[in-house]
Every structure is written in C-alpha cells, then in structure tokens.
1. Which ones in the stretch 617-636 are in a strand (DSSP E or B) and either assigned by TED's automatic domain parsing to the domain that holds residue 294 or in contact with a Ser or Thr (Cβ under 7 Å, 6 or more places away or on another chain) (or both)?
2. Somewhere in the stretch 476-489, is a residue free of Cβ contacts under 8 Å to residues at least 40 places away in the same chain, out of contact with any Phe, Trp or Tyr (no Cβ under 6 Å at 6 or more places or on another chain) and in a loop (DSSP other than H, G, I, E, B)?
3. When you check residue 356 against the structure, is it within 27 Å of residue 200 (Cα to Cα), of a type in the set (Phe, Trp, Tyr) and in contact (Cβ under 8 Å) with a residue 24 or more places away in the chain, yes or no?
4. Which residue, of 364, 389, is in a helix (DSSP H, G or I), touching a strand residue (DSSP E or B) at 6+ places or on another chain (Cβ under 7 Å) and within 19 Å of residue 266 (Cα to Cα)?
5. Of everything in the stretch 344-360 that's within 16 Å of residue 326 (Cβ to Cβ) and among the β-branched types (Val, Ile, Thr), which residue is surrounded by the fewest Cβ atoms within 10 Å (Cβ to Cβ)?
6. Name the pairs: first residue in the stretch 556-580 and without any contact (Cβ under 8 Å) to a residue 40 or more places away in the chain and closer than 17 Å to residue 607 by Cβ, second residue of a type in the set (A, V, I, L, M, F, W, C) and not in a loop (DSSP other than H, G, I, E, B), Cβ to Cβ under 7 Å, at least 6 apart or on different chains?
7. Checking the condition in contact (Cβ under 8 Å) with a residue 60 or more places away in the chain, over 28 Å from residue 100 (Cβ atoms) and either hydrophobic (A, V, I, L, M, F, W, C) or surrounded by 22 or more Cβ atoms within 10 Å (Cβ to Cβ) (or both), which residue from 275, 297, 237 passes?
Amino acid sequence: MRSICASRTPRPPRRARLPLVAAVTAAATALPVLATAPQAAASGPPAPVGARADSAVLQGAFASAATRYHVPLSVLLGVAYLESRWDTHGGHPSVTGGYGPMHLTDAATALDGRAVPTPEAVESGEPRALPASLAPGTTPAALETAARAAALTGLSTPRLRTDPAANVAGGAALLAAAQRALGRPLSADPADWFGAVARYSGADDTASAADFAADVFETIRTGMSRTTDSGQRVTLAADPSERPDAAQARALGLRTADTRHTECPPTVACEWVPAPYTHYGPGPSDYGNHDLADRPADSSVDYIVIHDTEGDWAVTLKTVRDPEYLGWHYTVRAADGHVAQHMATKDVGWHAGNWYINSKSLGVEHEGFLADPGSWYTEAMYRASARLVRYLSARYHVPLDRQHILGHDNVPAMTPATVAAMHTDPGPYWDWAHYFELLGAPFTAAPGRNGGLVTIDPPYSGNRPSYTGCVTPGASCAAHGSDAVRLYTAPSERAALVTDPGLHPDAVTTTGVNDTGARASTGQRFAVAGRQGDWTAIWYLGQKAWFHDPASAPTALNARGLVVTPRPGLAAIPVYGRAYPEASAYPKGVPVQPLTPLPYGIPAGQAYAVGGRTRGEFFYSRTFDRTGQRWVKGSQTYYEIQFGHRVAFVEADDVTVGPSGARR
C-alpha cells in the first residue's frame with residue numbers, strides 16, 4: 001500500500017491516494033526511482049550469474065579490476081560498499097535502476113519494456129505502462145552508466161549487469177574515466193581520488209557528492225569485512241591514515257543546494273524544499289498541508305516514522321508542494337542519500353494516518369517500493385537516513401528503539417473502521433537490523449536466559465519467507481531477504497497463520513506482501529508465551545503466536561524489560577490506537593474525542609512489552625492560522641505497548657506493570 005497518505009482528524013484528507021508513478025524527465029540530473037517488475041523466483045537465495053562457490057572470487061575480481069584500470073583497490077572496494085555493500089541482489093536492479101556491486105545503471109533494462117503495475121493497478125487490473133521518457137534514446141545519462149561502462153571496457157551491458165566480476169570491472173573503468181576527466185592522474189594514492197568518487201555518486205549537488213565520497217573514505221579508514229548475499233567474503237583493510245582533499249568536489253561544477261532553513265546534522269546533505277502552509281479555499285479548513293506548531297514547547301516529539309514514497313524523487317517533491325495534499329518533514333533520495341526538508345520539525349505534518357501519532361512525530365520518507373523486493377535500497381540512502389534520524393532522536397529525546405522509531409506499518413489505526421486502511425510501508429524488505437546498526441543502537445541479547453521477552457532478529461539475507469502479490473495478486477514475489485518472521489497458531493509451518501481480527505474479520509490471514517496480520521519484524525519485542533522444540537510463542541493481538549526459532553539458527557534474541565498485564569480481577573482489557581485525554585480535560589469549544597477501543601482485547605494472563613508511559617493528549621487544529629489551536633492535556637495516563645505488528649495503547653488504570661522475568 002502506498003505511503004504518502006495520512007488522515008488528518010477531524011477533517012479527512014482532501015484527495016484520494018497518490019497515483020504511484022516513476023516518471024523520469026530528461027532534465028533530471030539525479031537518479032529517480034524505478035519500479036521494476038521482478039519475475040517470481042524459487043525459494044532460497046538466488047545465485048547471481050557468474051558467481052562461483054569459492055568465497056574469494058569477488059575479492060579477486062576487485063583486485064583484478066583495480067590493477068587493470070589503475071584504480072586504488074581501497075577506493076574501488078569503498079565505492080562498491082557504499083553502493084551495494086558488495087551484494088549482487090540476485091541480479092535485480094536497485095530502486096534507481098542500478099545493478100551489481102558497483103550499481104551500474106541501465107534504466108531501460110530495469111523496466112524491461114514491461115508494464116509496471118502499482119498496488120492500485122493490481123487491484124483495478126489496469127497496469128501502468130513504461131514511461132515515455134524512458135523510451136530508447138531518451139533516458140537521462142545518469143541512468144545509463146552501464147552503457148558507458150560497456151563502451152569503456154568492451155564488455156556487453158548484459159554481462160555488466162549479471163556477472164559480478166564484469167560489473168566490478170565496469171565500475172573501475174568509470175572511476176578511471178572520471179579521474180581523467182577531472183585532469184587528475186591515475187594515482188596509486190587513494191587520497192587523490194576524492195573528486196572521482198564524488199562524481200561516481202551521480203549526485204546533482206556538491207554537498208551530496210562530497211558526502212558520498214566522505215563516506216567512502218571513512219569506510220576506507222575504518223575498514224570493512226562481510227559475507228555478501230551470494231556467500232562471498234569480501235574485505236577492505238583499514239587505512240586509518242587516509243585523508244583525501246575534500247575540496248576536489250568543488251571542481252565538479254555541481255549546483256549548491258538551498259540550506260537556509262534546514263535542520264540536519266553537518267554530515268547530511270540537506271536542501272530546503274518547503275511544503276506550503278497555504279489557505280487555498282473559501283473555508284477556514286481549506287488549507288494545507290501541515291499545521292504550524294511550536295514543538296517541543298507545545299508538546300513532546302515521541303516518534304519518528306519511517307516511510308517509503310512509492311514514487312520517484314520528482315513526483316514526491318511535486319506532491320509535498322501541493323497544499324491540497326499531505327505533508328511530511330523529510331525525504332531521502334535513493335541514489336545518493338540527499339535529503340530534502342519540507343517543514344520545520346516544530347510543525348505537525350500530515351503523514352502517519354493517525355492524528356495522535358502525527359501530532360507526536362516526525363515523518364521521514366524514502367524513495368522506494370515496499371512490494372518490489374528486487375528494487376533494493378542503496379547503502380548511501382540507509383546511511384544518510386540513519387544519520388538524520390540519529391540527530392533528530394538526540395534533539396527531541398526520542399528513544400532509539402522499535403517502539404519509537406516506527407515504520408509506517410507499525411502505526412496503529414485510530415478506530416475499528418480504519419484498521420484495514422492503515423498503510424504497510426516500508427514493508428518486509430526494509431533492513432531494520434542494518435538500519436539500527438547505523439543508528440548506533442544495534443539489537444543485542446540481554447545477558448542470561450529466559451528474560452521473559454524476545455527481540456525479533458532473523459538473519460536478513462538468509463531469512464526469505466514467501467510473499468505474494470508484489471506484481472500479480474496471488475503470485476509469488478521474488479525471493480529476497482526480509483526483516484520479518486511469520487506467526488502461526490501452533491508450532492508448525494503446517495498450522496494456520498494467526499489472524500488479526502480487525503484486519504481480517506473472516507479470520508483468514510494471507511501471505512500477501514501487504515498483509516501484516518501474522519508478522520513480527522526485526523527489533524520488535526514481545527513477551528514469551530511458551531517454547532516447544534525449535535519454536536517460540538509470543539503474546540500477539542490477544543493470542544498465542546508461534547514462530548520458528550531454532551537454537552542452531554535463532555530468529556530472536558533474549559530480552560528483558562517492563563511488561564503490562566491486565567489488572568487482577570479483570571477478565572480482559574481494551575486497547576487503543578491513540579492516547580487521548582479523558583472527557584473532562586477538554587475546554588469549551590474543543591470537541592471531546594471519544595476513547596474508542598480497537599477491535600481487540602488483552603485477556604487476563606497475557607503480557608506485552610512496554611514502550612513508554614504518556615499522559616492523554618489531543619492537538620486541536622482545524623483552521624488556517626494558529627488562533628484556534630489547543631493542545632488538550634489530561635490526567636489519564638497510558639502505556640504504549642507492542643501489541644501486534646503495530647503498537648497500541650492501554651490505560652494505566654487497567655494494567656499492572658512489572659519486570660518481564662518475574663513469575664506471574
């Protein structure tokens with residue numbers, strides 16, 4: 001389901017969901033997002049063409065290409081790591097049409113002349129055609145680096161896309177060509193290559209190009225070693241002494257982005273692309289696309305919500321500048337990690353689909369497509385986003401955990417009627433474990449055993465649950481690493497999936513990529529409800545849910561923390577999608593918001609992980625300008641809990657709180 005959509009209570013959005021498009025203009029200088037239509041693949045890790053069982057093959061390919069094209073090996077390895085982490089992604093292109101470890105772009109092949117359906121088009125049966133701007137001969141140069149690499153190496157573009165060794169050679173040739181174009185020698189000193197590395201990023205502004213190169217050289221200084229998705233062990237030896245001349249990026253002749261109002265750390269290339277706060281119609285509520293506020297003086301910021309755009313950079317920026325649509329705080333570009341800020345962080349964006357969460361959060365969009373596992377995110381995007389979120393977390397004291405750094409798919413519905421309409425991005429292919437490593441808050445096991453909680457943490461690359469509906473309803477999605485584990489009613493994969501009664505009144509959960517009814521994702525913490533053999537049970541949506549968790553290859557970590565249980569004497573308690581005040585807290589002129597429970601309950605004896613405690617609060621803002629605004633704050637308190645795939649709230653008066661390891 002698409003991401004750029006949110007409800008604004010009490011007035012609903014003025015427009016239906018944004019059509020998902022990947023239009024690319026010839027004038028575009030940065031790589032836009034391309035939605036591909038990957039073919040369904042068999043289960044298990046896909047073997048990239050040209051890869052061999054010897055885990056040193058790819059390492060040797062880097063060494064060979066570095067020697068042949070006179071590029072320092074550390075530079076070649078560093079660039080590839082920032083593009084792909086040396087992964088091949090089974091031959092699938094990234095969201096910007098790049099292939100292989102070096103992210104060589106070939107837009108025409110990425111789309112392959114096929115109609116590319118969106119979730120809306122799948123539902124209606126009307127597929128989206130190949131954009132006219134990507135017809136042969138019209139593709140922007142930034143999307144044709146594979147063709148340039150072919151001309152430089154004499155290798156065919158199909159081979160450059162599918163053979164990792166050839167792909168590495170193509171990247172080396174492009175780096176050497178960039179170095180020569182800058183009038184610099186093919187030096188053996190990595191420090192002489194900063195400008196060429198910045199050019200390789202494809203960024204259209206100096207700051208983004210320089211940041212990409214700075215990340216490459218930081219990787220060179222610290223070193224890196226990992227096993228790729230194709231089983232290849234690749235190592236970049238650390239060189240702490242490496243200090244390149246960053247001034248080389250100025251010779252690229254790129255534009256200077258407008259940063260006058262941005263709120264970003266100095267390590268993130270930001271640009272001010274404002275969302276309009278405009279009164280566009282005759283009525284007092286005809287305004288958009290956010291609300292002015294003064295957080296944290298008005299209220300605390302408790303959440304940062306991670307979205308994907310389901311559209312390209314140009315379309316996303318056009319949308320956020322539409323006063324009749326919706327607004328969020330930041331967008332991160334896929335190709336190079338460039339960030340656009342759209343409104344002040346003190347203001348309230350319309351992005352989460354839940355007015356309470358909107359008023360207490362910041363929204364960060366990322367170019368991408370949740371239902372397209374082949375369209376992978378670049379390391380540059382993950383890193384820029386993580387640096388931004390780490391900065392915002394420190395500034396607003398938002399805890400770096402999965403009950404405060406939410407995916408849009410973790411935001412709860414406000415009422416039973418809106419459960420099915422809640423969004424599911426960034427979806428099961430976002431790598432939460434890697435993202436939290438970059439945030440500096442990796443998921444780790446609590447000491448000891450049987451702490452009473454578990455943190456979901458499957459190995460991303462090797463965890464490949466089957467999904468359906470990425471391209472065609474019911475058809476298998478291409479196999480791909482995933483952050484999620486699937487939940488069953490009994491300790492067996494032959495058992496039925498657990499059901500989400502709000503999402504599925506018919507009690508039938510599917511394996512659809514947008515169906516979150518039986519899914520727990522990396523970093524989420526749940527109370528242990530039982531163990532049997534290689535299986536662990538957790539309390540989930542008021543029921544016992546089992547996931548495969550063998551001791552030889554665990555998919556969860558032992559954890560400890562606070563949990564809530566229904567207060568003694570209560571058979572069950574309600575859960576809520578918003579923490580609103582009691583009726584007596586509302587002043588005259590502000591309509592009382594009902595405390596409407598969601599269609600779930602927590603029976604006696606069950607336990608749920610606590611994310612925090614908060615007082616009830618409601619942000620009242622229905623007219624253009626701030627004169628009628630009120631932040632209604634009550635005395636009723638709530639606990640935020642990890643309830644299912646989404647978070648929820650319970651009234652403090654309904655529960656007892658205690659350590660997860662205590663006997664109950």
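The values are calculated or read from the model by the stated rules, or taken from the named source; none is laboratory data. Bear in mind that the values here come from a model prediction, so they are computed numbers and not experimental data. Cβ coordinates were reconstructed from backbone atoms using ideal geometry, including for glycine residues, and neighbour counts include every protein chain displayed.
1. Within the stretch 617-636, 617, 619, 631 meet the criteria.
2. Looking through the stretch 476-489, none of the residues is free of Cβ contacts under 8 Å to residues at least 40 places away in the same chain, out of contact with any Phe, Trp or Tyr (no Cβ under 6 Å at 6 or more places or on another chain) and in a loop (DSSP other than H, G, I, E, B).
3. Against the criterion (within 27 Å of residue 200 (Cα to Cα), of a type in the set (Phe, Trp, Tyr) and in contact (Cβ under 8 Å) with a residue 24 or more places away in the chain), residue 356 does not qualify.
4. 389
5. Result: 357.
6. Every condition considered, the pairs that remain are 572/602.
7. Answer to the check: 275.
Okay, residues lined up against (1) at pLDDT 80 or above; (2) over 26 Å from the mean Cα position of the chain (by Cα); (3) crowded, with 19+ Cβ neighbours inside 10 Å; (4) of a type in the set (A, V, I, L, M):
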| site | (1), (2), (3), (4) |
| --- | --- |
| 78 | yes, no, yes, no |
| 92 | yes, no, yes, no |
| 111 | no, no, yes, yes |
| 134 | no, yes, yes, yes |
